[in-house]
1. In segment 1-102, which trypsin sites (Lys or Arg not before Pro) are in a loop and have at most 14 other Cβ atoms within 10 Å, using DSSP for the loop call?
2. In vacuo Debye scattering of segment 91-141, one point per C-alpha: log10 I(q)/I(0) at q = 0.14, 0.18, 0.20, 0.27 Å⁻¹?
3. Would you look at the GNM of the chain, springs on alpha carbons closer than 10 Å, and say which of 207, 149, 97 moves the most?
4. Per the Kirkwood definition applied to all pairs of different Cα atoms, how many angstroms is the hydrodynamic radius of segment 51-202?
5. If each of residue 17 and residue 133 carries a label point 7 Å out from its Cα toward its Cβ, how far apart are those two points in nm?
6. State the extension gain, in nm to one decimal, for the chain segment bounded by residue 3 and residue 212, taking 0.36 nm per residue of separation less the distance between their alpha-carbons.
7. Please report, for the Cα atoms of segment 36-135, the Rg to one decimal and the Dmax as a whole number; what are they, in angstrom?
8. Please list the equivalent ellipsoid semi-axes of segment 157-212, computed as the square roots of five times the alpha-carbon gyration tensor eigenvalues, in descending order and whole angstrom.
Amino acid sequence: MHKTVQNLLDIQKKINSSLDNINANKVPKIIAVSKTFSIDKINPLIEHGHLDFGENKVQEAIDKWTDIKLKNKDINLHLIGGLQTNKVKFAVKIFDYIHSVDSEKLAKKIHDEQEKQSKKIKLFIQVNIGNEEQKSGVNKVSLPNLYSYCKKLNLDVIGLMCIPPQDKSAEYYFKELNSLNKDLGLNELSMGMSADFMDAVKNLATYLRIGSTIFGKRS
């Protein structure tokens with residue numbers, strides 16, 4: 001068995017054994033974050049039948065995944081990095097999920113492109129959960145307004161996403177995001193990466209964005 005597949009199975013086992021102690025009503029999906037990894041590193045997971053993959057950059061996703069997605073219609077491609085408005089038309093074309101909606105301007109652009117391409121994708125609103133200046137995401141105070149605006153545009157917002165501050169307890173922020181998600185009546189939660197995914201599972205994450213624990217260190 002290929003190392004990446006074994007790593008994925010180990011993660012799934014770890015998650016499943018912890019779910020018994022949590023009142024989770026669904027098993028979280030693992031997004032294998034394949035950014036910067038070449039397709040030969042990703043192929044064993046595709047052959048294993050894994051369906052959810054994450055990329056940070058639109059152009060890299062187009063180069064790597066266009067042919068694969070034509071052959072594998074069930075693969076879900078997730079944009080987990082920031083999205084500039086001038087890249088939206090390409091993002092809507094290649095991705096099935098966007099995890100980084102953080103402004104009305106971006107929401108409107110996604111809406112317009114979806115109309116042009118007759119395609120509807122699933123969206124997460126990215127929340128700047130730690131109010132960090134250098135991070136993307138809508139602040140907590142403006143979140144209800146952005147969500148209302150997205151609903152007005154009939155966008156398919158399925159949940160919230162965050163990247164917690166590095167120097168503090170991730171669990172504290174995951175708990176807060178879970179609470180904000182419930183307040184909006186949303187069902188999905190995109191949170192948790194290689195270093196903190198078990199804390200995210202404890203706080204009912206439904207999508208985990210895991211890269212290095214599956215693929216190994218990036219060069």
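FYI, it's all coordinate maths here, none of it is from the lab. What you are looking at is a predicted structure, and each value in this text was computed from that prediction instead of being measured. Counting neighbours? That spans all protein chains shown, and the Cβs are built from the backbone with ideal geometry, glycine included.
1. 26, 73
2. -0.39, -0.59, -0.69, -1.01
3. Highest fluctuation among the options: 149.
4. Taking every pair of different Cα atoms in segment 51-202, averaging 1/r and inverting gives 15.8 Å.
5. 4.4 nm
6. Numbers: separation 209, 0.36 × 209 = 75.24 nm, distance 1.22 nm.
Result: 74.0 nm gained on full extension.
7. Reported Rg and Dmax, both Å: 14.2, 41.
8. On the way: eigenvalues 62, 30, 14 Å².
Calculated on Cα positions only, the semi-axes equal 18, 12, 9 Å.
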